[in-house]
Amino acid sequence: MIQRIQTVYLLLAGILYGVAAFMESSVLWACIVMGLMAAVSLADIFLWKQRPTQALVCLLPMAVTLGYYILLAVQQPILEWYTALPLVSVLLLFMARKAILKDEKLVRSLDRIR
């Protein structure tokens, strides 16, 4: 659903992952990982009917980005400004997951009343 705030968060996270993939074009594996995370974040928007699954899929890019930063710190000690973009995306994914779980809680409370 376009009118939900988590859609905006997921869209922004996907865009930032895409920009990071474009900027990391010198390192092939980083470009592929960021491109896949952009695709997962954007595909997560279309899981709006299955909120628990959508919240679970939000965790995947977060975990992969953590692994990306560990590998990046080992491989490349000097970081550029665009290496912070996935970190901002993780923050947006966290806020999206929080909003998704809030919606799920609201729906479950309304089902209890009926």
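The values are calculated or read from the model by the stated rules, or taken from the named source; none is laboratory data. Since we're looking at a predicted model, the values are computed, not measured. Reconstructed Cβ throughout: ideal geometry from the backbone, glycine too, with neighbour counts over all protein chains shown. Remember, those area values only see protein heavy atoms, side chains included, never the ligands or the DNA or RNA. Shrake-Rupley method; radii C 1.70, N 1.55, O 1.52, S 1.80 Å.
Go through the range 29-53 and report how many residues are over 16 Å from GLY67 (Cα atoms) and either open to solvent by 40 Å² or more (accessible area, probe 1.4 Å) or among the aromatic types (Phe, Trp, Tyr) (or both).
11
Out of everything in the range 1-28 that is part of a helix (DSSP H, G or I) and of a type in the set (Gly, Ala, Ser), what residue ends up being most open to solvent (accessible area, probe 1.4 Å)?
Applying the filter and picking the extreme gives GLY18.
Return the total of residues in the range 61-114 being among the basic types (Lys, Arg) and in contact (Cβ under 8 Å) with a residue 12 or more places away in the chain.
Residues that pass the stated criteria total 1.
Only one of these is among the hydrophobic types (A, V, I, L, M, F, W, C) and in a loop (DSSP other than H, G, I, E, B): ILE32, ILE45, ILE78, ILE70. Name it.
Values: ILE32 fails: in a loop (DSSP other than H, G, I, E, B); ILE45 fails: in a loop (DSSP other than H, G, I, E, B); ILE70 fails: in a loop (DSSP other than H, G, I, E, B).
That would be ILE78, the only listed residue that is among the hydrophobic types (A, V, I, L, M, F, W, C) and in a loop (DSSP other than H, G, I, E, B).
Considering each residue of the range 54-67, count those that are out of contact with any Pro (no Cβ under 8 Å at 6 or more places or on another chain) and either surrounded by 15 or more Cβ atoms within 10 Å (Cβ to Cβ) or not in a helix (DSSP H, G or I) (or both), and give that number.
Number satisfying all stated conditions: 8.
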